[in-house]
Amino acid sequence: MKAVAVTPSQKEVGIIEHPSPALHQDDEVRVRTIDVGICGTDREICTFVYGDPPSGSEHLVLGHEAMGEIVEVGANVSNLKVGDFVVPSVRRPCQDKNCLACQSNLQDFCSTGNYVERGIKECHGFMTESFVEQEQYLTHVPDNLKDVAVLTEPLTIAEKGLAQAWAAQQRLPWVRHYDGEKPTGKGLNAVILGAGPIGILGAMTMKAAGFETYVYNRSPAPNPKSDIIESIGAKYISSQDTPLEDLPKVMGSVDLIYEAVGISALAFDALSILGVNGVYIFTGIPAPGARIPIDANQLMRDVVLGNQAIIGTVNADDASFKAAISDLAYFKQHWPEAIEAVITKRFPVDDCRELLLERATGIKNVISFA
Ligand code: BGC
């Protein structure tokens, strides 16, 4: 079958012939791939600075943002059946019995670094006509969400980030106002840095959680991204109109910052506007590069005197995948056009080289195998 792969030793990217996978364990299912999203990590792997093939393989099959339909189930699969739509998670646990994170099914917190990631680190991904996966790493997608479910994996970054922020803010009794079981961002301000797919999905998550939500991005409005942001009731602010240091004047206290730009200079500049008792969530993974100057004395004073919490977050556990599916349903119900507009275009697999190697365009491009 066709697969999109990188061969780092040959510096090659493109379609290869890859063996069709078969079930080897009773808890596995075989999935017919429908959609696979392309993200910055895939493009970076194609520059050969990141990503590793599985041991014994020259190539790595790409793809970690997938959605597909189950076509075969093993004898011990209990909660999924043929015909169900599913999304897979990315990380798989390390084998170290002393890694409490991996032993607790929280491989996103793996402490040894020996986890593997499908399509990224030592394990083939989903940019193939079909793949096999254990039931425990799949999340069921209701039929009415199948057109947007390829966004689940990038959305889990925001879901886990927000869950971590709430965990940190349990220290503040006045933030602990519960709306049923869920903490709410009502009365709090969140700013999202960047309006790429991670930023837009982050803005939707914060808005749905009740925050007054602002998105800070370079391009002047109006543009397709600002249109999406404004249509969900969040505010889009261009850095060309408002310097970063003026943001608190526009929005009031900055209670939460969700960084989705991956540019360390901007990300650290923004730390200086975080409010007292605020939480900063880093999501970007910048490529190694030159050192940047920062005003470390001022930042450290602010962090300490303002009781600030700085959290890094990488996706994601099962709970975040379930939260993402539930939020996708909310987005689809409240902002159907906005969530659909996050997917710029679906392309045939034959276009993979252009999508992976040429300049990124649009918001979220998807390879469609259907
Ligand atoms: C993926 C994560 C992964 C990270 C680092 C991101 O693009 O969404 O699942 O852990 O890259 O490899």
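The values are calculated or read from the model by the stated rules, or taken from the named source; none is laboratory data. Just so we're clear, the structure is a prediction, and the values are computed from it rather than from any experiment. Don't worry about glycine lacking a Cβ; one is built from the backbone with ideal geometry, like all the others, and counts go over all protein chains shown. Surface areas here come from the heavy atoms of the whole protein model, side chains and all, with no ligands, DNA or RNA. Shrake-Rupley method; radii C 1.70, N 1.55, O 1.52, S 1.80 Å.
A convex hull fitted to the Cα coordinates of the range 240-362 yields 190 cubic angstrom per residue. Averaged over its residues, the chain has an accessible area of 45 Å² per residue, based on protein heavy atoms and a 1.4 Å probe. Extents of the range 306-364, largest first, come to 48, 29, 25 Å (Cα atoms, principal axes, whole angstrom).
Among 61-71, 296-306, 100-110, sorting by the average number of other beta carbon atoms lying within 10 angstrom of each residue, highest first, gives 61-71, 100-110, 296-306.
Beyond 18 Å, what share of the Cα-Cα pairs of the range 117-213 remains, rounded to the nearest whole percent?
59
Radius of gyration (Cα atoms) of the range 154-312, expressed as a multiple of 2.2 N^0.38 Å: 0.98. How many percent of DSSP beta bridges within the range 154-312 run antiparallel, rounded to 5? For the range 154-312, the DSSP antiparallel bridge percentage is about 10. For the range 266-360, GluC sites (Glu not before Pro) are listed when DSSP marks them as loop and at most 16 other Cβ atoms sit within 10 Å of their Cβ; the list is 358.
Values of log10 I(q)/I(0) for the chain across q = 0.06, 0.15 Å⁻¹ run -0.22, -1.41, by the Debye formula with one identical scatterer at each alpha carbon and no solvent. Look at the alpha carbon pairs under 8 Å that are at least 6 residues apart: their mean separation over the length of the range 154-312 gives a relative contact order of 21 percent. With a 1.4 Å probe and every protein chain kept in, tell me what percent of the accessible surface of the range 154-312 is carbon plus sulfur. So the carbon and sulfur contribution to the accessible surface is 56 percent. Centre-to-centre, using Cα atoms only, the range 66-125 and the range 221-260 are separated by 36 Å.
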